[in-house]
Every structure is written in C-alpha cells, then in structure tokens.
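Notes for the one structure printed next.
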Amino acid sequence: MATGDAERERLRSLAVLERSLRDRGVRYAAGVDEAGRGALAGPVVAAAVILPDDALIPGLDDSKRLTPAKRDTLYGVITSMATAIGVGRSEAVVIDTVNIRRANLLAMKEAVEALAPAPGHLLIDGIDTIDWQGPQTTVVGGDARSLCIAAASVIAKVTRDRIMIACDPDYPEYGFARHKGYGTAAHLAALEIHGPSDVHRRSFLRKRRRIATA
C-alpha cells in the first residue's frame, strides 16, 4: 500500500515515544490499551503490541476514530507484521468482584505477560500502571499519541467486538452483535424486558437503578 508524504509524517509523529525509547537502548517497547471499559455486558479486553522498528501502517489511528471495516483491515495488517501481540480479558464476574479499574489492570497484565519476546518498556494508555516489574510509562490519550498504543487499541477493540458477536446467538434477545454490550436505547429496552444475562455486569446495572438486577 502506497504511503503519501503527509501520512508518512503523521505516522512518524505517532512514533516519537517509541523512537525516544530506542534511543535510550530499549529494544522492545510495547503499547498497551483496552476496549470495553464502559460497556454494560461482556469482558474488558486488553492488548499489548510490540511493533518492528520504523513500522509504517497506513491509516493506523485511535480505534475510536476508525470505522469497523477499517479496524478489521488494520487488525489483519497488525497481526501479520507485529513483533509480538498479547491479549488479556477480565469477564463480567471479575469486573463485578474487583471493580472495573482493577479488572482492566488485570487484563492489561495478562496481555503483557503473553508477549514473546518480553517487552523492555511499556507505554500504557491512561493514568494507571500495572503490576509488572519492568519500566512503564502512562500516556493520557496514548492511542492518539503512540503508534504501538494505537495498534493495541485496534487489536483490543476488534477482539472484543468479535467476542460480543460470538455471544449473540446465545443471547439473541439483547442484540450484542449490534451494540457490543454498550448501553444503547435498544439494549436498555431489552434489559427492561428480559433482565440481565450471565454476561452482564451487575455492578454496572445497579448504577442504572431503573434496571432490575435480581
């Protein structure tokens, strides 16, 4: 795929953090991000991605800025060229037990520990570090500021969307394939009629007091 000068420059600007780490002798910098933190159902999914030095992936951006079709295309590109990819997940029951923040950090840790080779430094989207012994840097808005975090955001989002689509035949009354567990009007209406399923986050639903959680 041809890459124009403007796109090449945009991608180079996204890789400033990674180049800085390489200049300091870090061989493998991993970007870490999650998907599904705000959903009412399904797991929170985290991904960790190590990209080759000077990787160019035209169109790569924060997954929230991309269409589903573009995310699917980039997912294939990233998985074919990445040095390493790790994925972790925390199910609804874990989220209800330990809270979403901790569940998210557990999923991120699982994703990082699945990387081979092991990373030399983590670039984590957000403000929280994880329980990991190596060096790590938090990056607010990191999926728009780091190439490897943007790659992780795509892997996490596509993986989670596919999980929710796979849930749809087992729970057809909720429409998971359409909204992926987020609180759309149709999803809330289905909850009013049917109540929560096994994959719903009851701790989230309790915050919406009009939805029964029994």
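The values are calculated or read from the model by the stated rules, or taken from the named source; none is laboratory data. Every value quoted in this text rests on a predicted model; they were computed, and no experiment measured them. Backbone-built Cβ (ideal geometry, glycine too); neighbour counts: all protein chains shown. Surface areas here come from the heavy atoms of the whole protein model, side chains and all, with no ligands, DNA or RNA. Shrake-Rupley method; radii C 1.70, N 1.55, O 1.52, S 1.80 Å.
Among the lysines of the chain, pairs at least eight places apart or on separate chains and with Cα atoms under 18 Å apart come to 6. Against the main long axis of the alpha-carbon atoms of the chain, helix 147-167 sits at an angle near 30°.
For R162 and T73, the difference between the fully extended length at 0.36 nm per residue and the C-alpha to C-alpha distance is 30.7 nm.
Based on protein heavy atoms only, the chain ends up with 47 Å² per residue of surface accessible to a 1.4 Å probe. When DSSP beta bridges are restricted to pairs lying wholly in the chain, around 65% turn out antiparallel. Against the chain, whose longest principal axis comes from its Cα atoms, helix 5-14 is set at around 70 degrees. For the chain, with all protein chains in place and a probe radius of 1.4 Å, 52% of the accessible heavy-atom surface sits on carbon or sulfur.
Going by alpha carbons, how many degrees (0 to 90, nearest 10) lie between the helix axis of 185-194 and the longest principal axis of the chain? Long axis of 185-194 versus the principal axis of the chain: about 40 degrees.
Per DSSP H run of at least 4 residues, take -39500 (n - 2.57); add these up for the chain, divide by its residues and hand me the 222 nm value, nearest 500 deg cm²/dmol.
Dividing the helical sum by the residues of the chain leaves -13000 deg cm²/dmol.
Taking semi-axes √(5λ) of the Cα gyration tensor in Å as calculated from this structure, the corresponding entry among (i) 33, 19, 13; (ii) 29, 20, 17; (iii) 42, 19, 16 is (i).
Here the gap between E91 and D131, fully extended at 0.36 nm per residue and compared with their Cα-Cα distance, gives a gain of 12.5 nm.
Close amide-amide hydrogen proximity is noted between H200 and G42, each under 5 Å apart and 5 or more residues distant or on a separate chain (H modeled in the peptide plane; Pro and chain starts excluded). In this label model, R27 and M81 are separated by 2.3 nm, measuring between points 7 Å along each Cα→Cβ vector.
Taking 0.36 nm per residue of sequence separation and removing the Cα-Cα distance, the R19/L56 pair yields an extension gain of 12.0 nm.
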